[in-house]
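The values are calculated or read from the model by the stated rules, or taken from the named source; none is laboratory data. Keep in mind that what you see is a predicted model, and the values were worked out from it rather than measured. Backbone-built Cβ (ideal geometry, glycine too); neighbour counts: all protein chains shown.
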Amino acid sequence: MGSNQAGDAALWLKSSGALDLYLDGSLAGTSATTFSSPGWHWVGVRSVTGTSVPFLQIDGVDQVVATATMTLLSAPWLGCVLSESSALDIYFDDVITDSAGLIGPSKVDMAMPISDNATGTGWQKPGGSTTNLYTSVDNVPPNGVADSTSATYAENQIRNATAAASSNYDVNLETYTTLGITSQDTLLSVMPVVVTAAPVATQAKAGKVGNASNPAITTIDLAANSSNATATNFWNGTAAGTFATGWKVSPGTLTTSPSVTLGSSPVMRITQVTSSTRIADVCFMGLVVAWTPKPPVTGSFPVNSVIKRTQTPTFKADALSAGIWGWIDPPADGVTMAKQPVLTFKTPTHPTYPCTFQIQLDTVNTFNSGDLRTYTVGDGVGTWEYDSTGSGNWVSMPSTGVPDAYKGKSARFTVPTDLTNTTWYRRFRYSVK
């Protein structure tokens, strides 16, 4: 990756599986982590000037700390570019650039069309259908063809040959939850992408791309990626043919740290600007989404305890000594519990806060049976609370966990679904943000 020249950063894969990092044309260091067996790694490279800062990270761990005067990558290519006699397979996925600096292991995905939201004047499939247009713009890879009015190509693309100014087609996309994003994750950015074409250049229609909602992204002119293409037009410079001939990719505005509703669909928009009977074709729409998952909770569980489910809602309540983190209610093994018990524990006093928690329940003390339940702060399952005063003033725990001001006080979790009538084992652990 990169180029081994003045002002740039470059990575070289060694025969040992380690990575050499070159900065400003000189070797800056070699990674301790090696690519010695098949598998995925998150690699971060800094390409801007820094003093005694990490320039190389692997899986979120610093590998090379250095001082260098840099420019942005002048040759931002990925892959093998020099002669190599060894057999080698390299795969790249989830590529992100961030001017703010290195980011932790992250993901990139495409939210794909799942249904029509609103269909403006003139938008239709080849053959004339004006319903379920989304199935014609959700193909991966895009499979656009030459402009056609034949229903044979109804699933290849959509078109607009009507003289209708500012006619929108809005499509519902997969939700962020469907992509695997949770409230504990950090949403980095979103960017709509559309693939367009036209059969002729004469009086070519202008178009715009953006998002109608979740988040709203103001539409901007379609891009130019050909010496003959007009930046605002569906036209690419050559007549539409079998993809990728005559088709062009246009990104919308990159929107960072957007505020979204995770369980709702983003609504993407393509706009025909020009009122003309000339033709606009679209064969793909989608939203590029980048996010950083919350690091997993790690470490060892404390000693197991035993609880039993019963129909009575009462249970024994003995407090632990102040300053000790552990179970409060129930405090001992073999205590009978309600079928949806409230599990109360003392939070630790020593780590840096905010602090999140995870509880596991199982019918075996090895915690690996089919009955295993795992509950984590912020996963939206069950009720997490903490005592804000130390005297029973319970408030809802935010997804970030217990604030620093309340460490050492009690917290509790209400199990959301009934436990079966048998012995259940419990354990919990905490994670510092």
Review point. Is it the case that Ala198 is touching a residue at least 24 places away in the same chain (Cβ under 8 Å), over 23 Å from the mean Cα position of the chain (by Cα) and closer than 19 Å to Ala239 by Cα?
Key: yes
Point to revise | Options Ser52, Ser47; residue that is at pLDDT below 85, within 29 Å of Pro295 (Cα to Cα) and either touching a strand residue (DSSP E or B) at 6+ places or on another chain (Cβ under 9 Å) or not in a loop (DSSP other than H, G, I, E, B) (or both) | key: Ser47
Review point. Just one of Gly210, Gly246 is surrounded by 17 or more Cβ atoms within 10 Å (Cβ to Cβ), closer than 19 Å to Glu174 by Cα and either more than 28 Å from the chain's Cα centre (by Cα) or modelled with pLDDT of 95 or more (or both); which is it?
Key: Gly210
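Given the options Val171, Val137, Val145, name the one that is touching a helix residue (DSSP H, G or I) at 6+ places or on another chain (Cβ under 6 Å), of a type in the set (A, V, I, L, M, F, W, C) and under 24 Å from Gly263 (Cα atoms). I'd like the intermediate steps shown before the answer.
Values: Val137 fails: touching a helix residue (DSSP H, G or I) at 6+ places or on another chain (Cβ under 6 Å); Val145 fails: under 24 Å from Gly263 (Cα atoms).
Of Val171, Val137, Val145, the one residue that is touching a helix residue (DSSP H, G or I) at 6+ places or on another chain (Cβ under 6 Å), of a type in the set (A, V, I, L, M, F, W, C) and under 24 Å from Gly263 (Cα atoms) is Val171.
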Exercise for review: Please go through the range 143-178 and pick out each residue that is closer than 21 Å to Pro266 by Cβ and assigned to a helix (DSSP H, G or I).
Suggested key: Tyr176, Thr177, Thr178
Exercise for review: Determine if the range 221-228 includes at least one residue that is of a type outside the set (D, E, K, R) and touching a residue at least 40 places away in the same chain (Cβ under 8 Å).
Suggested key: no
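Is it the case that some residue within the range 351-361 is among the polar types (S, T, N, Q) and either out of contact with any strand residue (DSSP E or B) (no Cβ under 9 Å at 6 or more places or on another chain) or modelled with pLDDT of 85 or more (or both)? Let's see the steps before the verdict.
Keep residues of the range 351-361 that are among the polar types (S, T, N, Q), which gives 352, 356, 358, 360.
Now drop any that are not either out of contact with any strand residue (DSSP E or B) (no Cβ under 9 Å at 6 or more places or on another chain) or modelled with pLDDT of 85 or more (or both), which leaves 358, 360.
Looking for residues that are among the polar types (S, T, N, Q) and either out of contact with any strand residue (DSSP E or B) (no Cβ under 9 Å at 6 or more places or on another chain) or modelled with pLDDT of 85 or more (or both), one finds at least one in the range 351-361, hence yes.
Do we find that Tyr425 is assigned to a strand (DSSP E or B), touching a helix residue (DSSP H, G or I) at 6+ places or on another chain (Cβ under 7 Å) and touching a residue at least 24 places away in the same chain (Cβ under 8 Å) in this structure? Lay out the reasoning, then the answer.
Details: assigned to a strand (DSSP E or B): yes; touching a helix residue (DSSP H, G or I) at 6+ places or on another chain (Cβ under 7 Å): no; touching a residue at least 24 places away in the same chain (Cβ under 8 Å): yes.
No.
Name every residue in the range 14-26 that is at pLDDT below 85 and either under 16 Å from Ala66 (Cβ atoms) or under 29 Å from the mean Cα position of the chain (by Cα) (or both), in order of residue number.
From the range 14-26, those at pLDDT below 85 are 15, 24-25; that's our starting set.
Across the range 14-26, the qualifying residues are Asp24, Gly25.
When the residues of the range 179-207 are filtered to those that are in a loop (DSSP other than H, G, I, E, B) and either small (Gly, Ala, Ser) or not assigned by TED's automatic domain parsing to the domain that holds Asn236 (or both), which remaining residue is modelled with the lowest pLDDT?
The first filter runs over the range 179-207 and keeps only residues in a loop (DSSP other than H, G, I, E, B), leaving 180-185, 198-205.
From what is left, the residues that are either small (Gly, Ala, Ser) or not assigned by TED's automatic domain parsing to the domain that holds Asn236 (or both) are 180, 183, 198, 201, 204.
Numbers: Gly180: 92, Ser183: 85, Ala198: 93, Ala201: 65, Ala204: 77.
Result: Ala201.
From Tyr134, Tyr169, Tyr176, which residue is under 30 Å from Thr356 (Cβ atoms) and assigned by TED's automatic domain parsing to the domain that holds Ile270? Can you show your working first?
On the way: Tyr134 fails: under 30 Å from Thr356 (Cβ atoms); Tyr169 fails: under 30 Å from Thr356 (Cβ atoms).
Residue meeting the stated conditions: Tyr176.
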Revision key, fill the gap. Within the range 396-422, of all residues that are hydrophobic (A, V, I, L, M, F, W, C) and farther than 15 Å from Thr347 by Cα, the one surrounded by the fewest Cβ atoms within 10 Å (Cβ to Cβ) is Leu419
Check your understanding: What number of residues within the range 123-137 satisfy the criterion of being buried (at least 17 other Cβ atoms within 10 Å of the Cβ), touching a Ser or Thr at 6+ places or on another chain (Cβ under 7 Å) and closer than 23 Å to Thr274 by Cβ?
Key -> 5
Point to revise | Matching entry among Pro38, Pro54 (being loosely packed, with under 12 Cβ neighbours inside 10 Å and in contact with an Asp or Glu (Cβ under 9 Å, 6 or more places away or on another chain)) | key: Pro38
Practice item. Could you check Thr162 against (1) more than 11 Å from Asp281 (Cα to Cα); (2) within 28 Å of the chain's Cα centre (by Cα) and say which number it fails? Key: (2)
Review point. Would the range 365-375 turn up any residue that is surrounded by 15 or more Cβ atoms within 10 Å (Cβ to Cβ), among the β-branched types (Val, Ile, Thr) and closer than 27 Å to Pro293 by Cβ?
Key: no
